[in-house]
Amino acid sequence: MDFDWALLGFGPEGWGMVLIRAGGMTLVVSICAFMLGLVLGTLCAWARIAGSRWVQRLAIGYTVVLRGVPDLLVIYLFYFGGRQVVAAVGTALGFEGPFDISGFVAGVLAIGLISGAAQSEVLRGAYYAVPTGTIEAGRVVGMGRLTLFRRVIAPQALTTAIPAMGNQWQSVIKETALISVTGLVETMRQVSIAAGSTQEHFMFYLAGAVIFLIITSLSDIVFRIAERRSLRGHQQGHA
Amino acid sequence: MSIPAIAVTGLHKSFGANAVLRGIDLKAQDGDVISLIGASGSGKSTFLRCIPMLEVPDSGIVAVGEHVIEPRGGILSRRDKVTARTIRSELGFVFQGFNLWPHRTVLENVIEAPIHVQGRPRAECVEEAEALLDKVGLSDKRDAWPVHLSGGQQQRVAIARALAQHPRALLFDEPTSALDPELVGEVLKVIRSLAEEGRTMLIVTHEMGFAREVSSRTVFLHQGLIEEDGHPDQVFGNPVSDRCRAFVSGHFQRNR
């Protein structure tokens, strides 16, 4: 098998620039979805730890549903189903069509919701891992709830959560490949276009794998640095 | 007479069907060093924890200086909660298990509450914290992490942390019970020096010799009630209550 390397280059025949742009899109979608997941996950964890009975049930319902339904289905639901809802609402409000919902928005919403359910479990576990004695020590010096959270609970919980949050981030990156079904040109979509039009399937899917690997390994390094920094004081050995 | 540093009246507390405190009255004047002794389960730790509302009493009145809390049915009203925070910042509490904040250095543990609860300027707090660490013999551990310290050292940091709030009274909940025997002495030495300074202290302890030596008053609890209350020489030497006599003599025999 001969590879025509020029196809991956930046010349007139090359897909290089296009692939880099697609990789950038994967990264942007991932960041947006992960951040949305972080916000939802935090709210949901908080609801389950401190919410009233109904708020707790709502939060549990959210995690159960989104962890028990295929990711692809959620994306279709938001993209095609979302379109229908937007159209119905738009018509009802008297706007003129045609109505559309972008693949980017639907994808970020879907992946963010899925990731939020998983992140809430991570954050909840991390909260319960904070030694109660340290919380009591905060209360007994007169800290209010907010100070207690900011100065005692959050820093310790984050330390526990960072490795698992790293995993969540990795799976968000991989899940974004599913958004390709909406036509959003991210890495997965772009390599399959390239593979289809050049018939160099092996080369382009391999290139796609490399793009994902670059993003995930770089993130791995970032999370490892964050973990090491947050572990100050928690390990035996050298300070 | 001036307002007592701590005044507790009619304190009741149950955990489920288990009545742990069954009506405790205790007043501590400024400068008193009161040791609380009694068998495990007599309620002495629960009593101590009720003062800063770490446990909310079912009924009774807790007053620290002029700040009064009267919980009803084990629930604090909104106003009580505010008062509880005031009371907490007027007391220094030392736990059996130290409970230092593991994510902060020794110095950061000591300056945490003065800066973030009392809102005092950082430079002043650091200077004072250094003096306190010197006092408990740990100035060289200023930048160490709690996990790198021995239990005795951690407890001394915890004492410095309690002192940093300028408390009106210090509460010690079995401060040496979690320590290896060879580390007990260094902690008791610090507490003794505080007693000599005239600090107001309530000390729950199983160290009978120490209690007899440092306290100005000893209280013996039995099944959630105060059964003996007096000068340590009397409580340890010639108690009125038979149970107290049995408890005390049992302890001294065991430790001989």
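Need at least 2 residues that are surrounded by fewer than 23 Cβ atoms within 10 Å (Cβ to Cβ) and touching a helix residue (DSSP H, G or I) at 6+ places or on another chain (Cβ under 8 Å) per element, so show me which strands (runs of 3 or more DSSP E) inside region B:34-106 make the cut, counting only ones lying wholly within it.
Filter on region B:34-106 gives B:67-69.
Determine which member of the set A:Val130, A:Val152, A:Val140 is among the aliphatic types (A, V, I, L, M), within 14 Å of another protein chain (Cβ to nearest Cβ) and touching a strand residue (DSSP E or B) at 6+ places or on another chain (Cβ under 7 Å).
Result: A:Val140 is the single residue among A:Val130, A:Val152, A:Val140 that is among the aliphatic types (A, V, I, L, M), within 14 Å of another protein chain (Cβ to nearest Cβ) and touching a strand residue (DSSP E or B) at 6+ places or on another chain (Cβ under 7 Å).
Of B:Arg142, B:Arg122, B:Arg156, which residue is open to solvent by 50 Å² or more (accessible area, probe 1.4 Å) and either within 13 Å of chain A (Cβ to nearest Cβ) or in contact (Cβ under 8 Å) with a residue 24 or more places away in the chain (or both)?
B:Arg142
Could you please tell me which pairs satisfy a Cβ distance under 9 Å, a separation of 6+ or placement on different chains, a first residue in region A:192-209 that is farther than 14 Å from A:Ile20 by Cα, and a second residue that is hydroxyl-bearing (Ser, Thr, Tyr) and open to solvent by 50 Å² or more (accessible area, probe 1.4 Å)?
Note: pairs meeting the criteria are A:Ser192/A:Tyr205; A:Ala195/A:Tyr205.
Going by the conditions given, is B:His116 open to solvent by 40 Å² or more (accessible area, probe 1.4 Å) and more than 14 Å from every other protein chain (Cβ to nearest Cβ)?
No; evaluated as a whole, the condition is false for this residue.
Out of curiosity, is A:Thr182 within 29 Å of B:Gln154 (Cα to Cα) and out of contact with any Pro (no Cβ under 9 Å at 6 or more places or on another chain)?
no
Checking the structure you have, find out if any residue of region B:128-138 is in a helix (DSSP H, G or I), under 25 Å from B:Lys189 (Cα atoms) and within 13 Å of chain A (Cβ to nearest Cβ).
no
A quick yes/no check of all residues on (1) within 14 Å of another protein chain (Cβ to nearest Cβ); (2) not small (Gly, Ala, Ser):
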position	(1), (2)
A:Arg145	yes, yes
A:Ser171	no, no
A:Glu175	no, yes
A:Ser192	no, no
A:Ile215	no, yes
A:Ile221	no, yes
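Given the residues B:Val190, B:Val248, which is the only one that is part of a helix (DSSP H, G or I) and at pLDDT 95 or above?
On inspection, the qualifying residue turns out to be B:Val190.
Take the conditions over 15 Å from the mean Cα position of the chain (by Cα), open to solvent by less than 40 Å² (accessible area, probe 1.4 Å), more than 20 Å from A:Val39 (Cβ to Cβ) and modelled with pLDDT of 90 or more and apply them to A:Ser217. Does it pass?
no
Only residues that are out of contact with any helix residue (DSSP H, G or I) (no Cβ under 9 Å at 6 or more places or on another chain) and open to solvent by 10 Å² or more (accessible area, probe 1.4 Å): list them for region B:15-33, please.
B:Gly16, B:Ala17, B:Asn18, B:Ala19, B:Arg22, B:Gly23, B:Asp25, B:Lys27, B:Gln29, B:Asp30, B:Gly31, B:Asp32 - these are the residues of region B:15-33 that are out of contact with any helix residue (DSSP H, G or I) (no Cβ under 9 Å at 6 or more places or on another chain) and open to solvent by 10 Å² or more (accessible area, probe 1.4 Å).
If we scan region A:85-105, do we find a residue that is more than 30 Å from B:Glu90 (Cα to Cα), away from chain B (no Cβ under 14 Å), modelled with pLDDT under 95 and surrounded by 20 or more Cβ atoms within 10 Å (Cβ to Cβ)?
Yes, some residue in region A:85-105 is more than 30 Å from B:Glu90 (Cα to Cα), away from chain B (no Cβ under 14 Å), modelled with pLDDT under 95 and surrounded by 20 or more Cβ atoms within 10 Å (Cβ to Cβ).
Could you check region B:72-110 and list, in sequence order, the residues that are more than 30 Å from B:Ala144 (Cβ to Cβ) and among the polar types (S, T, N, Q)?
Passing the criteria: B:Ser77, B:Thr83, B:Thr86.
Considering region A:111-127 alone, what residues qualify as being open to solvent by less than 10 Å² (accessible area, probe 1.4 Å), of a type in the set (A, V, I, L, M) and away from chain B (no Cβ under 14 Å)?
Hits for region A:111-127 are A:Ile111, A:Ala117.
Among the listed residues A:Ile114, A:Ile49, A:Ile75, identify the single one that is under 30 Å from A:Asn167 (Cα atoms), touching a Phe, Trp or Tyr at 6+ places or on another chain (Cβ under 7 Å) and not small (Gly, Ala, Ser).
The unique qualifying residue is A:Ile49.
For region B:216-256, what are the residues that are aromatic (Phe, Trp, Tyr) and open to solvent by less than 50 Å² (accessible area, probe 1.4 Å)?
Selection gives B:Phe220, B:Phe236, B:Phe247.
Test A:Thr159 against the stated conditions and say whether it is buried (at least 19 other Cβ atoms within 10 Å of the Cβ), of a type in the set (Ser, Thr, Tyr) and within 13 Å of the chain's Cα centre (by Cα).
No; evaluated as a whole, the condition is false for this residue.
Say whether the condition of being part of a helix (DSSP H, G or I), of a type in the set (Phe, Trp, Tyr) and loosely packed, with under 14 Cβ neighbours inside 10 Å is met by at least one residue in region A:38-61.
yes
The values are calculated or read from the model by the stated rules, or taken from the named source; none is laboratory data. Small disclaimer: the values here were computed from a predicted structure and weren't measured. Using ideal geometry, Cβ is built from the backbone for each residue, glycine included, and neighbour counts are taken over all protein chains shown. Ligands, DNA and RNA are excluded from the accessible area calculation, which covers all protein heavy atoms including side chains. Shrake-Rupley method; radii C 1.70, N 1.55, O 1.52, S 1.80 Å.
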